[in-house]
Every structure is written in structure tokens, then in C-alpha cells.
Amino acid sequence: MQSPGSPFTGWYVAGNAGELETPALILYPERIEANIRKMIDVAGSADRLRPHVKTHKIPEIVQLQVRHGIRKVKCSTIAETEMAARAGADDILLAYQPVGPNIQRFFSLPRKFPSKKFSCISDCESILRELSDHASVTGYKAHIWLDINAGMNRTGIEPGEKARELFRMISLLPGLVPAGLHVYDGHINERNVENRIKICDEAFAPVRSLIEDISIMTGAPVKVIAGGTPTFPVHARRENTELSPGTTLLWDYGYGSSFSDMQFLYAAVLLTRVISKPSGNKICIDLGHKAVASEMPHPRIHIEGMHDYRVTGHSEEHMVIETTEAGKINVGDHLYAIPWHICPTVDRYDTVYVSEGGMVTGQWQVEARKRKINL
């Protein structure tokens, strides 16, 4: 739409959208910066934040955070880690236990970027010994965050005696430095904020006991990296805790419709075109599986300016929509849609458009979409 008869008037409109190829993803730096300021406000200071770069994988967004004093980040891949270092982050966590050749790749990071601090997570004695061996050979110390399973049951060791002994092992193995505990509770998605706080605190209670045990053992405070996007405001109340939201930078309709207490701005919008009208009440747009995150049931997008619609078909390059508004829409019209899940949506694109002042003014490379950049 934004063609004769149906102009859009929202914040997302790009005046030169007609010149852009579709499907495309448009980012809005002013809104990203507003979200960064909100993150800092929730955290209490920029130094408490360690945002996850997996949401965007873009150096310019790391640079925006650095400009606001956020110099620590969290990554899932070596490529993201390398990108973040090149973009200006100083303290970079690989929140993914390195195994196999990735151990050697991890140790290539301090050699390439000697002024940066790199760390990783681990929950396994044999991997800790491998990391220690590589540290001894390379001469680089490895800062290790013990990965704790706080109920998500994806990675990590359950808090308890075994975790305490593994932390002690990190402090004893040559070349390893215990950095603290990594506690990701991505399974907590309770919409009601009071219930979310209660569930989060209950899940964290065994971790608190572990922190006390380790503090007694070491005679020093224990640093913690905790939370994802839904729970980072809860963990912001805890002392000596860094916070790791990610989706907050771009926001998406999944979180926006689930967490009304989190006042972040949508800063990423899909631009798509109508490519066919197969029947009177149906349109087909160029927003297939390869253009938007599709790992969840519908809805996978929220179409701005359209009020009565449902997706009836979705394949690799096509999305079919049934709508009572089809009569107002022509083949070739463009639509704006907010993705339900932004992180894998960004990963569909090599480049994204950048919109400032109501016009697309440039492009950013999704540099860490690659599994390997140089290292």
C-alpha cells in the first residue's frame, strides 16, 4: 500500500520505499538509541549491561551502544565475537561453550585483538581441561564464567555441590581465571509482571545459595551475568549482577504483545510487496520463510495499517493472506510488517536498510550472519 489510495502515516514509513527491493528489513537508528537509553535506565548504569549481539549481528549497533557507554557484550558465535571486537566493544563474552576447533578459534581472539578482554562459558570438566591446555600453550589466560542451569535445561550445570567444585577447578587449573556465574533463564516468559518476578526469584534461589558458598570458599564476591530480555529488569535489583537483554535493541511483536510492562520501541520493520491476488479476498506477498522467522506458528508478522487479515499459506518465497481489505490493495503495493521474532528475522538478510528522518538513507551489513569472518 503507500500507493494510490492507501497511504501509510506511521513512524515506520520510508518516503522512498518505492525505490527499495523487497523483501527487505528496515532499521531505525533513532528508535534503537531510545531503546538503548531505556535499557540503561532499567539497569541503573551502562556498566551493568552486557547486551546480546545475536539479535542484530551488526557492527553499527554495537557502536551505538559504545557511544552510550555500553562496552561489554555477549555473543553466541566466534563470528559475533570478532565483529563485536572490531566494532569497539572492550569486554566480550562468548556465551557458548567452545568445543572442537572452536577452542582454538577462541584463543585466536586475544592474539588478534590484544587490547580486548575475552571470556567464555563452560559447564564441563573435560572442556575446562582443554581450555587450560590451550591457555598454557598460547600464553593467553582464559576467563571462564561457570554456566548454570537455572531451570531452562538447555545448557549449564545445576547449582549445588558439583557446581561449587567445578568453580574451584577453574580457579586451580593453570591458565584459567574464574570470572563468575552465567545464569540464563530464557524459559521464563510469564506475561504477568508480578508472577514473572516471583518465578524468576524462585528459579534464582538455588543460585543465590551457590553464590554464598563460593564467596565463603574464595573469600571474594561472585560476579553474575543473569537474565534475558523478559527477566533482566528483575535481575537489575540484584547486586554484583550484569544484565544481558538482546531483543530490547530492536524489539519485536512477540515480546511487544506479551510484555506490556516493558516499554521498548519497535525499531525493525519488514518491507514487502504484493505479488499476486489469487482470489477476491486473498493477496500474496513476497515474505516467505526465507524472509521472516518462521519457527513458530502464526502469527509470524503484524501488518501495519491492516486490521482484518489472517495468513492462510506460507512457503519459501510466498505468504498468502486472506483479508476483507483485499479490494483496496493492488499487485505491486508495498506493506510494512513487524516480525514476531526479530533475532532469526535479521539473520535472513545480508544487509538491512537504515531509515532516518522518514527516508532510507543507507544500508548496514549483517556482518556476523556469517559463521566465520576471519578467525
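Annotations
- In the stretch 257-275, of all residues being buried (at least 22 other Cβ atoms within 10 Å of the Cβ) and among the small types (Gly, Ala, Ser), the one that is nearest to ALA337 (Cα to Cα) corresponds to ALA268.
- Between ARG129, ARG154, ARG168, the distinction of being free of Cβ contacts under 8 Å to residues at least 60 places away in the same chain, within 21 Å of GLU80 (Cα to Cα) and surrounded by fewer than 21 Cβ atoms within 10 Å (Cβ to Cβ) belongs to ARG154 only.
- Filter result (buried (at least 18 other Cβ atoms within 10 Å of the Cβ) and over 16 Å from SER119 (Cβ atoms)) within the stretch 171-185: ASP185
- Residue that is nearest to MET83 (Cα to Cα) [pool: residues in the stretch 97-126 that are free of Cβ contacts under 8 Å to residues at least 60 places away in the same chain and small (Gly, Ala, Ser)]: SER115
- Residues in the stretch 332-355 that are of a type in the set (Gly, Ala, Ser) and part of a strand (DSSP E or B): 2 in all.
- Scanning the stretch 314-325 for residues that are under 24 Å from SER294 (Cα atoms) and surrounded by 13 or more Cβ atoms within 10 Å (Cβ to Cβ) yields HIS314, GLU317, HIS318, MET319, VAL320, ILE321, GLU322, THR323.
- Among the residues of the stretch 137-151, those identified as out of contact with any helix residue (DSSP H, G or I) (no Cβ under 8 Å at 6 or more places or on another chain) and buried (at least 22 other Cβ atoms within 10 Å of the Cβ) are TRP145, ASP147.
- Taking the conditions (1) over 30 Å from GLU325 (Cα atoms); (2) free of Cβ contacts under 8 Å to residues at least 24 places away in the same chain in turn, THR9 satisfies each one other than (1).
- Meets criteria (more than 25 Å from GLY227 (Cα to Cα) and not aliphatic (A, V, I, L, M)) for SER171: no
- When we screen LYS54, LYS38, LYS74 for residues that are closer than 19 Å to ARG348 by Cβ and not assigned by TED's automatic domain parsing to the domain that holds SER355, the only hit is LYS54.
- Enumeration of residues in the stretch 225-269 that are touching a residue at least 60 places away in the same chain (Cβ under 8 Å) and part of a helix (DSSP H, G or I): PHE232, PRO233, THR247, THR248, LEU249, TYR253, GLY254, GLY256, SER258
- You will find that of ILE32, ILE70, ILE58, the residue that is touching a Pro at 6+ places or on another chain (Cβ under 7 Å), β-branched (Val, Ile, Thr), crowded, with 17+ Cβ neighbours inside 10 Å and on the phi < 0 side of the Ramachandran plot is ILE70 and no other.
- Listed conditions (1) surrounded by fewer than 18 Cβ atoms within 10 Å (Cβ to Cβ); (2) of a type in the set (A, V, I, L, M, F, W, C); (3) closer than 30 Å to LEU270 by Cα are all met by LEU249, apart from (1).
- Close pairs from the stretch 66-82: first of a type in the set (Gly, Ala, Ser), partner buried (at least 22 other Cβ atoms within 10 Å of the Cβ) and at pLDDT 95 or above, Cβ under 7 Å, at least 6 apart: SER76/ALA95; ALA79/ALA368
- Among the residues of the stretch 137-159, some residue qualifies, meaning at least one is assigned to a helix (DSSP H, G or I) and over 26 Å from PRO206 (Cβ atoms).
- On inspection, PRO278 qualifies as surrounded by fewer than 16 Cβ atoms within 10 Å (Cβ to Cβ) and in a strand (DSSP E or B).
- Matching strands (runs of 3 or more DSSP E) fully within the stretch 1-97 where at least 2 residues are over 29 Å from THR272 (Cα atoms): 72-75, 91-94
- Any chance TRP364 is modelled with pLDDT of 95 or more, among the aromatic types (Phe, Trp, Tyr) and over 14 Å from ALA24 (Cα atoms): no
The values are calculated or read from the model by the stated rules, or taken from the named source; none is laboratory data. Note that the structure is predicted; figures quoted are calculated from it, not measured. FYI the Cβ positions are ideal-geometry reconstructions off the backbone, even for glycines, and counts take in every protein chain you see.
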